[in-house]
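Visitor: Here's a structure for you.
The values are calculated or read from the model by the stated rules, or taken from the named source; none is laboratory data. In this text, all values refer to a predicted model and were calculated from it rather than measured experimentally. Here Cβ is always computed from backbone atoms with ideal geometry, including for glycine, and neighbour counts include all displayed protein chains. Surface areas here come from the heavy atoms of the whole protein model, side chains and all, with no ligands, DNA or RNA. Shrake-Rupley method; radii C 1.70, N 1.55, O 1.52, S 1.80 Å.
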Amino acid sequence: MSLESQEAGLPPGQAALPGTLPESLRVELIAFRRDLHMHPELGNQEFRTTAAIKARLEQAGLKPRVLPAGTGLICDIGDPDPAGPPMLAIRADIDALPIPDTKAGVPYRSTVPDRAHACGHDVHTTVALGAGLVLADLNRQGLLPQPVRLLFQPAEEVLPGGAADAVAAGALDGVGRIVAVHCDPKVDAGTIGLRTGPITSACDRLEVSLDGPGGHTARPHLTTDLVTAAAKIVTEVPALLSRRVDTRSGLALTWGRIEAGHAPNVIPQHAELSGTVRCLDLAGWRSAPDLVHSAIDEIAALHRAKSQINYVRGVPPVINDAAITELLRDAQTARRGVYAVEDTEQSLGGEDFSWYLEHVPGAMARLGVRTPGDPVGRDLHRGDFDVDEKAIEVGVELFTATALLPTPPA
């Protein structure tokens, strides 16, 4: 066995995989990621981002196709063979979040007010681009064993997610498998986290309006006390839900906004609440809308408040296919050894990658972005979020190895 195979953790007799990241491209990709980070765009507004990806792919001799809505694109590498393996899709999301970038002392801080790549989509995009450029070069050398589709998807942060629109636009036509990564600030750069089965949770949005006659705070018995009604809904509806659904479903209603009233001595006529409903499994997710509606209506009626509920369906859980998860494990092991893979838990975060898995098997890996030994926590969806850029190289080589290895049997 060669030293290269030994270091990569490959089985005896297996040669080291091609498709490692050249140094010149590594440097270019870091610069590309920093440019995206400085120019974040919200969901369905990613025109500059789409143009930058398209230009680089065309420079490499590829033929990307922008999705019908004008943002996001797909790009095929290699020719489909009806007798060969199915096309592998590599998906990246390209949108940013509507929050300010609060990082200090970095030259790539966002230049757009109240916009930031605080979820790592700039890294996801750069990793998929880099993998595409490496795989295109391997294809020109006749070393790519299967066709690959790059899928740069807009609007992941916009419920119910841009993935559904991408599917409707034909992004999965001819695709047999799909993979993705998501930045994980709790995992060291150089490592990925994997889990077979559900790795994220379902996520829906809930908006509630309460109305009543209101009145003077001196005479609450003659009014509909909407402040009390809203407070009871905030505290009692989650408790009711915990007794009406299997606790193993992990159904959780968490409120993020409550607004009512303008003066301390006036009971208001209108109140609003909004939050999210998250669930660990499909069964609980499917029953959630009816359960939530019923619980809110019951509490509102007790306080003589008229309730109007807008329950916005979001995304189901991402459920990783066993065989594709093992393919990602094999790919990372081939690149960096068995100790570069760790088991990960299911999170309560939502991810619209789940919509692709309604159509084809696939899996998402958690891409470590924490600098080893760094005691500072830079969690997702925070203005100070940042990554160890070594993760870009790790992600590129994970995807290229995934495209080069055969899928293990299910």
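Visitor: What is the magnitude of the charge dipole of the range 46-197 about its Cα centre, with +1 placed on the Cβ of each Lys and Arg, -1 on the Cβ of each Asp and Glu, and no other charges, expressed in debye to the nearest 20?
Guide: 200
Visitor: Nearest 10 degrees, 0 to 90: what angle lies between the long axis of helix 282-302 and the longest principal axis of the chain (Cα atoms)?
Guide: Rounded to the nearest ten degrees, it is 20.
Visitor: Whole-Hz ³J(HN,Hα) for each residue in the range 113-127, computed from phi via Karplus 6.51 cos²θ - 1.76 cosθ + 1.60 with θ = phi - 60°, x for glycine and proline: what do you get?
Guide: So the J values, rounded to whole Hz, are x, 6, 9, 7, 7, 9, 10, x, 5, 5, 6, 4, 4, 5, 5.
Visitor: If you don't mind, another one. Restricting attention to the range 265-306, which trypsin sites (Lys or Arg not before Pro) occupy a DSSP loop and are surrounded by at most 14 other Cβ atoms within 10 Å?
Guide: Numbers: sites: R278, R286, R304, K306; in loops: R304.
Passing sites in the range 265-306 are R304.
Visitor: Just to confirm a number: summing +1 for Lys and Arg and -1 for Asp and Glu over residues other than S347 whose beta-carbon lies under 14 angstrom from that of S347, what do you get?
Guide: It works out to a net charge of -2.
Visitor: OK, next. Heavy atoms only, probe 1.4 angstrom, no DNA, RNA or ligands counted: give me D137, D165 ranked by accessible area, highest first. All intermediate terms of the calculation are to be shown ahead of the outcome.
Guide: Working: D137 70, D165 105 Å².
The most accessible residue leads, giving D165, D137.
Visitor: For the charge dipole of the chain, defined by +1 on Lys and Arg C-beta atoms and -1 on Asp and Glu C-beta atoms about the Cα centroid, which residue among L253, A322, P18 has the Cα displaced farthest towards the positive pole?
Guide: L253
Visitor: I would also like to ask the following. Among A288, P238, T200, flag the residue with its Cα farthest along the positive direction of the charge dipole of the range 174-332, charges on Cβ as +1 for Lys/Arg and -1 for Asp/Glu.
Guide: Highest projection toward the positive end goes to P238.
Visitor: Between the range 221-247 and the range 326-370, how many Å separate their Cα centres?
Guide: Using only Cα atoms to place each centre, the spacing works out to 38 Å.
Visitor: Per-residue ellipticity at 222 nm for the chain, helices alone: DSSP H runs ≥ 4 residues times -39500 (n - 2.57), over residue total, nearest 500 deg cm²/dmol?
Guide: On the way: 10 runs with 134 residues, N = 410.
Only helices count here, giving -10500 deg cm²/dmol.
Visitor: Over the chain, what is the percentage of antiparallel beta bridges among all DSSP beta bridges, to the nearest 5?
Guide: 65
Visitor: If you don't mind, another one. How about K63: which lysines have a C-alpha closer than 17 Å to its C-alpha, ignoring those fewer than 8 places off in the same chain?
Guide: Result set, ordered by chain and number: K54.
Visitor: Please give, to one decimal in nm, the separation of the simple spin-label points placed at Q59 and T247, each 7 Å out from Cα toward the Cβ.
Guide: About 5.7 nm separates the two model spin labels.
Visitor: If you place +1 on the Cβ of every Lys and Arg and -1 on the Cβ of every Asp and Glu, how big does the dipole about the Cα centre of the chain come out, in debye to the nearest 20?
Guide: Result for the chain is approximately 460 debye, rounded to the nearest 20.
Visitor: Okay, moving on. If the cut-off is a Cα-Cα distance under 20 Å, which lysines reach K103, setting aside same-chain residues fewer than 8 apart in sequence?
Guide: Partners found: K186, K390.
Visitor: About the Cα centre of the range 291-403, what is the dipole size in debye to 20, counting +1 per Lys and Arg Cβ and -1 per Asp and Glu Cβ, all else neutral?
Guide: 340
Visitor: Okay, next question. Kindly write out, for the range 97-109 in residue order, the coupling ³J(HN,Hα) from the Karplus curve 6.51 cos²θ - 1.76 cosθ + 1.60 (θ = phi - 60°), rounded to whole Hz, with x marking Gly and Pro.
Guide: Using θ = phi - 60°, the values come out as 10, x, 9, x, 8, 9, 5, 10, x, 10, x, 9, 4 Hz.
Visitor: Identify all aspartates and glutamates with a Cα-Cα distance to K232 below 12 Å; exclude those on the same chain that are fewer than 8 residues away in sequence.
Guide: D297, E298
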